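Everything below concerns the one structure shown next.
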Amino acid sequence: MRLLPLAMLMVPALGLAGGGYVTLPGGSYKSVLAYEDTGGTVTLAPFELMKRPVTNAEFLKFVRRLPQWQRDRVPSVFAESRYLAHWASATALGSAALPEQPVVMVSWFAASAYCEAAGARLPTWNEWEYAAAADATRADARADPAWREQILSWYAKPSNQPLAEVGQSPANHYGVQDLHGLVWEWTEDYASMLVSADNRTQQEQDRLQFCGAGAIAMDDRENYAVLMRVALLSSMEAANLTSNLGFRCARSIDEGTP
Amino acid sequence: MKTHTRRMLVLVMMLTLAACQQPAPVTAAPEDTGGSAKGDFGPPVGEPIEAILTAPPLVPPATGRKQPAKVVVNLEVREIEKEISEGVTYTFWTFGGTVPGSFIRIRQGDTVEFHLNNHPDSKMPHNIDLHAVTGPGGGAASSFTAPGHSSQFTFKALNAGLYVYHCATAPVGMHVANGMYGLILVEPPEGLPAVDKEYYVMQGDFYTVGKYREKGLQPFDMQKAIEENATYVLFNGSEGALLGDNALPAKVGETVRLYVGNGGPNLSSSFHVIGEIFDKVWFEGGTRYQENVQTTMVPAGGSAIVEFRAEVPGTSVIVDHALFRAFNKGALGMLKFEGPEDKTIYSGKEIDSVYLGDKAASAAPVAAAAQAAATGALTLEQQVKSGEALFAGTCSTCHQSNGAGLPNVFPPLAKSDYLNADKDRAIAIILNGLSGPVTVNGASYNSVMPPMSQLNDDEIANILTYTYNSWDNAGGQISAADVARVRAATPRPEGAAH
């Protein structure tokens, strides 16, 4: 009897996973972030990642099911005032938010709540970075200048154009789509990957500001494509949002639960 | 004995004093402003003032204030696609919607409440480092602002001068390469001397994936930026920003002051105005000026204030005197001076005669053609050879010996649609000159070609025959009779040169 409420919670999770999940094998790879303890080498357990970013249609289902995440009800500590402001109403999408466009203007709190309701969690930065290092044929394409240039070309596109629908870009080596060229994405631990607000400080960073393992710096200064993603995330607070920032969920495999 | 000792003492003291005074002129520089230590004139007086911000090339009016004030600056960051060259666009990141960013003008001792507003459509977080700020990062860490947010910080402007501001968000080089820089002028307490015209000119280097003038939306090229291999070097963020109708106007007799900055990110500027001598240069944007300067160095992240008087009418061209940047990467601007001629200062061309130096041998075809024309036996080949020699002496200075012209300034004759479209028009242009806008091979030009009144009908016919039979042009032959017909039909305008 005690398990029943939990089971009831899990049932609505169906329908919140959109294009479904793909499994990534994990293993060791080199992060662009220079972690103090490992020098940047990161080992990941196998995990599952949503094939595509969460869409407006999927997020609409979520706020209908959990009305406390509707824009007129959410506490301002969890989402700033522009939360889902491009939707026609608290429970309708309208012309500025097409069903298959990635949902944006969502705070980290809202994104986390969505993934939780879907029986999942946000990916860690390392999981995201690992998945996003791939191109269509290689698991790690990051050293290829052409690959970097392709990512940078997204920054050259004006941001006042409507977002494309999800699933338009070719799947990468792992079968994941839209990691580049569509939206920024929240990560679970984004708040611990602070880069200095002033990019030019070298040795003098205020180390007290960055606790423990979070005290990291950019190791690969040539990799602007990733550097900019880190810069964007580090400018955000968890209630913040932008018109280009969406998310997708991840699941751990070994434990069976998030 | 006593008086003698006293005299000796006085003498010794005088000697000592003289010895002490010796180094004094070296240590105490005259007219030292005292820098930041003497730049605080106390708390702001009166109601806060909203700063007037101007888009380039305009400059806000002098503050005209005698007391320190609280000045509120609201600067908006926008990421926008704009033309960098004709038919070429680029996504600029801007302070205030322009490259360079809005000009800010305050007075030394002012307290500035700075609001950096990052537009909700932005993809990136941004911040601002003002070189006029005394404090860590110049405001950068205090102004790190996510899209759709606004940051506020306050500083007191302790040093007078012309300062660069720029974005300092990771990756800094890219933010600056995309146009995130501008100028803030901190007037000295007494203000700057009044002048007739003030303009804002700022150089920057740009790195695109496509080649110079390759059409379409061009993305940033990181590798070229790291290699400092600029695709464009520009004044005020686009190739035409200060050309043609956008030339900076002044009247003869007026004193013109340019606030010059260089955003970089990489290249220093050898700032020069063709046909002008800077009467004064506040070098490095600081307190002192140098006089009578031809070219002043403006480093990346630095500035200069230059001043000169417009003495004669005409167009003066602003360049980075590292000349391939000027003629092959876009570092050109124009000042247009209007007013009466003063032939005692500058005569204009008084005599144009063919001088061929050690190529004098090539004058032979001209003589041969003249002789053949007199006997009525002139061949196409003779005309072309004669025309080639005449072209080298008269036309190649502007149109270049390969007929390619100079971008934005002198239109090409090679493969020229404008030339090939109308032979009578070509004759008329040599006879009467040409001024005003024309479009040649898709590019627009707005310069002045004087009438070539020194050429006779034979010479014009030979020059044009050479031109039409060179550089993939349409071919054909122009006769002296053709020229005579056009000459008769198009009377020379009154007051044409010569």
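The values are calculated or read from the model by the stated rules, or taken from the named source; none is laboratory data. Since we're looking at a predicted model, the values are computed, not measured. Don't worry about glycine lacking a Cβ; one is built from the backbone with ideal geometry, like all the others, and counts go over all protein chains shown.
Taken together, A:Thr137, A:Thr55, A:Thr91 contain a single residue that is more than 20 Å from A:Ala191 (Cβ to Cβ) and buried (at least 17 other Cβ atoms within 10 Å of the Cβ), which is A:Thr55.
Within the stretch B:163-176, identify whether any single residue is assigned to a strand (DSSP E or B), among the hydrophobic types (A, V, I, L, M, F, W, C), more than 9 Å from chain A (Cβ to nearest Cβ) and surrounded by 24 or more Cβ atoms within 10 Å (Cβ to Cβ), and answer yes or no. For the stretch B:163-176, residues assigned to a strand (DSSP E or B), among the hydrophobic types (A, V, I, L, M, F, W, C), more than 9 Å from chain A (Cβ to nearest Cβ) and surrounded by 24 or more Cβ atoms within 10 Å (Cβ to Cβ): present. Selection over the stretch B:135-155 of residues that are surrounded by fewer than 24 Cβ atoms within 10 Å (Cβ to Cβ) and either in contact with a Cys (Cβ under 9 Å, 6 or more places away or on another chain) or away from every other protein chain (no Cβ under 14 Å) (or both) gives a count of 3.
Of all the criteria given as (1) surrounded by 22 or more Cβ atoms within 10 Å (Cβ to Cβ); (2) outside any loop (DSSP other than H, G, I, E, B), the one not satisfied by B:Leu242 is (2). The number of residues in the stretch B:202-223 being within 11 Å of chain A (Cβ to nearest Cβ) and of a type in the set (A, V, I, L, M, F, W, C) comes to 4. Given the structure, is B:Ile277 within 14 Å of chain A (Cβ to nearest Cβ) and β-branched (Val, Ile, Thr)? No. In the set B:Glu76, B:Glu113, B:Glu86, B:Glu81, only one residue is within 14 Å of chain A (Cβ to nearest Cβ), surrounded by fewer than 22 Cβ atoms within 10 Å (Cβ to Cβ) and out of contact with any helix residue (DSSP H, G or I) (no Cβ under 6 Å at 6 or more places or on another chain); that residue is B:Glu81. Figure legend. Inter-residue proximity from the stretch A:236-249: first residues more than 8 Å from every other protein chain (Cβ to nearest Cβ), second residues surrounded by fewer than 22 Cβ atoms within 10 Å (Cβ to Cβ) and in a loop (DSSP other than H, G, I, E, B), beta-carbon distance below 7 Å, spacing 6+ or different chains. Indicated pairs: A:Ala239/A:Val77; A:Ala239/A:Phe78; A:Ala239/A:Glu80. Of the residues in the stretch A:62-76, none is touching a residue at least 60 places away in the same chain (Cβ under 8 Å) and surrounded by 13 or more Cβ atoms within 10 Å (Cβ to Cβ). Taking the stretch B:313-335 as the range and being crowded, with 19+ Cβ neighbours inside 10 Å and more than 12 Å from the chain's Cα centre (by Cα) as the test, only B:Lys329 passes. In this structure, B:Pro299 qualifies as closer than 26 Å to B:Phe206 by Cβ, surrounded by fewer than 16 Cβ atoms within 10 Å (Cβ to Cβ) and at pLDDT 95 or above. Condition test on B:Leu158, is it in contact (Cβ under 8 Å) with a residue 12 or more places away in the chain, aliphatic (A, V, I, L, M) and either within 11 Å of another protein chain (Cβ to nearest Cβ) or closer than 23 Å to B:Ser268 by Cα (or both)? It is false that B:Leu158 is in contact (Cβ under 8 Å) with a residue 12 or more places away in the chain, aliphatic (A, V, I, L, M) and either within 11 Å of another protein chain (Cβ to nearest Cβ) or closer than 23 Å to B:Ser268 by Cα (or both). On the stretch given as the stretch B:418-464, residues that are assigned to a strand (DSSP E or B) and free of Cβ contacts under 8 Å to residues at least 12 places away in the same chain total 1.
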